[in-house]
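Worksheet: the structure to be examined is printed underneath.
Coordinate-derived values only; no laboratory data. Since we're looking at a predicted model, the values are computed, not measured. Heads up, the Cβs are rebuilt from the backbone with ideal geometry, glycines too, and the neighbour counts pull from every protein chain shown.
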Amino acid sequence: MAKKKKDSGGGGGGGTGWMVTFSDLMTLLLTFFVLLLSMASMDKSVLTKITLFTKELGVMTYKGSGRLPTRFRAIVDLLERPWELMEKQNRIKDLLFPDDMLPPEISRSTLEENLRVLARPEGVALVLTDKLLFPSGGSELGDPVRVLLDQLAQVLTFMNAPVNIAGYTDTDPGVRHDNYELSGLRAVSVLEFFLSAGLPEERFSISGYGPHWALASNETPEGKAENRRVEILLKTTPWLGAYTQ
């Protein structure tokens, strides 16, 4: 009887012991599925960051490359490779502003003297002096330069790169405005033109640096003329660190 009771007790333990094993199994399975879910979320996050990176890096919009005019396609291809610009500045100028699209008031030589294309860490900067853009000491765009900016606006419609518009002055005191104020007003004038052309405002930022970050010496009239400028920076090379957060 004692042995039978012992067997019965063991049988009772054996009857409930499987639940412990089953519980452990369920815990392991739950842990496994949580791990899979975490990995799936992580993959989705990484994919999102990669998608954003390629979206910002590529300058083509969702309109599709098939609709891009040949001249604009060539411009976009060049802007995608700012490290090659030093060898192809004239090529970009010719493509952006062909002779038959220059206003009568702006000759090819005037354009060459007052437009520079610079490679920046963020992308490409188009640098236009105030001789092209504004009357002396003023901040309202002249009619001839609106023709040039309209050509650039058309190119920007086929790009999604962010754009910064920065105004600069020389070191001479302003007549009607403080130099910082004047540089900011000039940047705003260019921005307003692009917005009036239908470009989305969220792509743009503006800066007014006054006499800072001079390109040439302010000791000569030629240097001052070069420093009175607006830089239109097309950020075709985004900072990679911006996508690691």
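The table below lists the values:
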| read-out | value |
| --- | --- |
| Residues T236, T157, T169 arranged by fewest to most Cβ contacts within 10 Å | T157, T236, T169 |
| Inter-probe distance in nm under a simple model that places probes 7 Å from Cα toward Cβ, at A216 and M101 | 2.7 nm |
| Difference of contour (0.36 nm per residue) and Cα-Cα distance, A119 to D150 | 8.9 nm |
| Per DSSP, loop GluC sites (Glu not before Pro) in the range 129-200 with at most 15 further Cβ within 10 Å | E140 |
| Relative exposure of M101, M159, judged by other C-beta atoms within 10 Å (fewest first) | M101, M159 |
| Ranked list, fewest to most other Cβ atoms within 10 Å of each Cβ, for H177, H212 | H212, H177 |
| Stretchable slack from R81 to E202, in nm (0.36 nm times residue separation minus alpha-carbon distance) | 41.2 nm |
